[in-house]
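The values are calculated or read from the model by the stated rules, or taken from the named source; none is laboratory data. Computed from a prediction, not measured in an experiment: that's the story for all the values here. Methodologically, a virtual Cβ is constructed for each residue, glycine included, from the backbone with ideal geometry; neighbour enumeration extends over all protein chains shown. Please note that ligands, DNA and RNA were not included when accessible areas were found on the heavy atoms of the full protein model with its side chains. Shrake-Rupley method; radii C 1.70, N 1.55, O 1.52, S 1.80 Å.
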Amino acid sequence: GVEDLVAAVAANLPLSDYLYDPEYFTDRPQRFFVAEIIREQILRQFSKEIPYACEVRVDRFKERMKDGRPFVAIDAVVLVARESQKGIVVGKGGAGIKELGSAARARLEEFLQAKVHLALRVKVSKDWRSDDAKLRGMGYIQ
């Protein structure tokens, strides 16, 4: 079934040049993936406490060589809707944000193939999901 359909469609497609370089796997910038990796770790670590209505904004993404190796410095802000959520993410004595930063940094180093310095902050952004200006700034709407 499916293989026959794929073969039939492929046989009837016109030949053309690549629309994108075959080496590229996405048209999204690295910042997008950095934010998503951090957000993934938030959802893993705080799955019961923090709703899926959190967002990560990457304020700085700077690549350079350090001691002959790739190095990336990242400053990111975790946006939550309420003060109580901020307290959960930060955790007692900063333990929550420290654990989040360690887990996210490990995933980012694997993804970026570079040593990563990750600075995280948590900020309350009330009603960001219904604010067109904030949604536009986050790339959700044009």
query: Using a 1.4 angstrom probe with every protein chain in place, what is the largest-first accessible-area order of 63, 23, 40?
result: 23, 63, 40
task: Would you indicate which of (1) 18.1; (2) 17.6; (3) 14.7 is the value of Kirkwood radius over Cα pairs in Å derived from the coordinates of this structure?
output: (2)
field: Cα centroid separation - the range 66-142 against the range 18-64, whole Å
entry: 10 Å
task: With a point put 7 Å past each Cα toward its Cβ, work out how far residue 19 is from residue 130 in nm, to one decimal.
output: 3.7 nm
task: At 7 Å along the Cα-to-beta-carbon direction for both residue 7 and residue 71, put a label point, then send me their distance in nm to one decimal.
output: 5.6 nm
message: Straight-line reach from residue 123: which aspartates and glutamates fall under 20 Å, measuring Cα to Cα and dropping same-chain residues less than 8 apart?
response: 36, 40, 49, 55, 59, 75, 83, 99, 131, 132
query: In degrees, nearest 10, range 0 to 90: what is the angle between the Cα axis of helix 30-45 and the longest Cα principal axis of the chain?
result: 60 degrees
- prompt: Put +1 on the Cβ of every Lys and Arg and -1 on every Asp and Glu Cβ in the chain; which of 97, 128, 2 then has its Cα farthest towards the positive end of the dipole?
  reply: 97
message: If I fit a long axis through the Cα atoms of helix 95-112 and take the longest principal axis of the Cα atoms of the chain, what angle between them do I get, 0 to 90°, rounded to 10?
response: 20 degrees
field: On Cα atoms only, tilt of 2-12 relative to the major axis of the chain in degrees
entry: 60 degrees
task: Give the calculated FRET efficiency between residue 63 and residue 40 to the nearest 0.05, with a Förster radius of 22 Å applied to their Cβ-Cβ distance.
output: 0.55
